[in-house]
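K.L.:
Below is the structure I would like to discuss, written out as structure tokens.
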Amino acid sequence: MYQSKVGGYHFRYNLSDNSDFIQKNNYKGIPLVKFWVKIFLYNVMTYLKLFFTLLIKQCYYGPFKGEFGHFLAHNLPFLMYLHKKGVKIHYCGMEIHKPFMVDEKGNPVYATFHPLRDFFAEVAPNTNSTIPPADVKEEIIKFRQKARKGIIPFWDIDNDYYYWFIHRHFVARGFTHLYRLDKVYKTNQEFSCALFPRSKGAAETHNNGKSWDYQQLLEMISPYFDKVYVCGHPSQCLSLNPLENTVMNITTDNAKILEACSNASLIITQHSGVNNLGEYLQKQVLIIYKGANKVTDIGSMNNTLHFRKSLKEKIPLAFAFSEQEIMEYIQKFKQKHESVVAS
């Protein structure tokens, strides 16, 4: 019997939500009642906070110090929603994410920005529960002290309980908006590909699958594109030997990553937060997963598909489970592109 159904797929495991937590902890009787009462009260307070945020047209939000996928799925769409509603946002988060935080004219969606330096080479991100280095903690304390003064609503996503059990699900109830970032960052009309050669974490995980030979993959796909942009954060991606049409974008400058992906026709990545980037740029994303042969074998893919719905998904994910499937997909993708150009 499947545990969750998302996007027409039947998964053998639950969504990482409140019901899953209850099942894993075997909550029954009074503990179960207490859990749901607490969830209810938190939700009431969150709706009230949104009401006052929209009324006052100003809020504090942060600190975000976590995974890229969490930023794109649970934070940036809510910040864009608030900005569209005319809210002045006083934000605290990773400075490397600043290029994403603009509207379709390139104007910032925040009123003030309290930056946190890039520390991912020192500490691996974990949802938004990352424990940063001491100097970054000090910056967070400064922001929290300022945010707690006065009557301006404070969206405190550093509260792990609130963030995991309330905030992610609250935002997904329709409080999202996505600005088309390709309108800001696209600089060239070309048939190219953005490849993210992931190196973060273990050699094999349920979520990400087994490691790929990305150098070999680059050599295989390169002849089919005008350019192949190799993209990613230096602490989380491999640096490959470039070919003639390779553009290396292993960088902490996300403006360069956004430009490359905006110019690209296709984004190729293992299962990671990069998949959400396709929705902000209106680009096709191909998820490559080694170690299985169907979507329902990919760990946490039910969560990915579930939260993509709240981003008002325009371009569904594509999947490939071997080098052969990758090449078959790219060949068909190029044929489709050429037929569109010819028409």
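K.L.:
Go through the range 1-111 and tell me which strands (runs of 3 or more DSSP E), entirely inside it, have 1 or more residues that are among the aliphatic types (A, V, I, L, M).
P.N.:
Result: 4-6, 88-94.
K.L.:
Moving on to the next point. Val123 - would you say it is under 21 Å from the mean Cα position of the chain (by Cα), among the aliphatic types (A, V, I, L, M), surrounded by 14 or more Cβ atoms within 10 Å (Cβ to Cβ) and closer than 27 Å to His177 by Cα?
P.N.:
For Val123, the condition - under 21 Å from the mean Cα position of the chain (by Cα), among the aliphatic types (A, V, I, L, M), surrounded by 14 or more Cβ atoms within 10 Å (Cβ to Cβ) and closer than 27 Å to His177 by Cα - is not met.
K.L.:
Run Thr205 past the list (1) surrounded by 14 or more Cβ atoms within 10 Å (Cβ to Cβ); (2) assigned by TED's automatic domain parsing to the domain that holds Asp20; (3) not small (Gly, Ala, Ser) and report the number of the one that doesn't hold.
P.N.:
(2)
K.L.:
Within the group Leu217, Leu195, which residue is touching a Phe, Trp or Tyr at 6+ places or on another chain (Cβ under 9 Å) and either in a strand (DSSP E or B) or assigned by TED's automatic domain parsing to the domain that holds Glu323 (or both)?
P.N.:
Just a single option satisfies the conditions, and that option is Leu195.
K.L.:
Could I ask something else about it? Across the range 108-120, what is the total count of residues that are surrounded by fewer than 16 Cβ atoms within 10 Å (Cβ to Cβ) and farther than 25 Å from Ile250 by Cβ?
P.N.:
Matching residues across the range 108-120 total 3.
K.L.:
What residue, among those in the range 126-152 that are in a loop (DSSP other than H, G, I, E, B), over 26 Å from the mean Cα position of the chain (by Cα) and in contact (Cβ under 8 Å) with a residue 60 or more places away in the chain, is nearest to Phe68 (Cα to Cα)?
P.N.:
Selected residue: Ile152.
The values are calculated or read from the model by the stated rules, or taken from the named source; none is laboratory data. Keep in mind that this is a model prediction, so the values were computed, not measured. Reconstructed Cβ throughout: ideal geometry from the backbone, glycine too, with neighbour counts over all protein chains shown.
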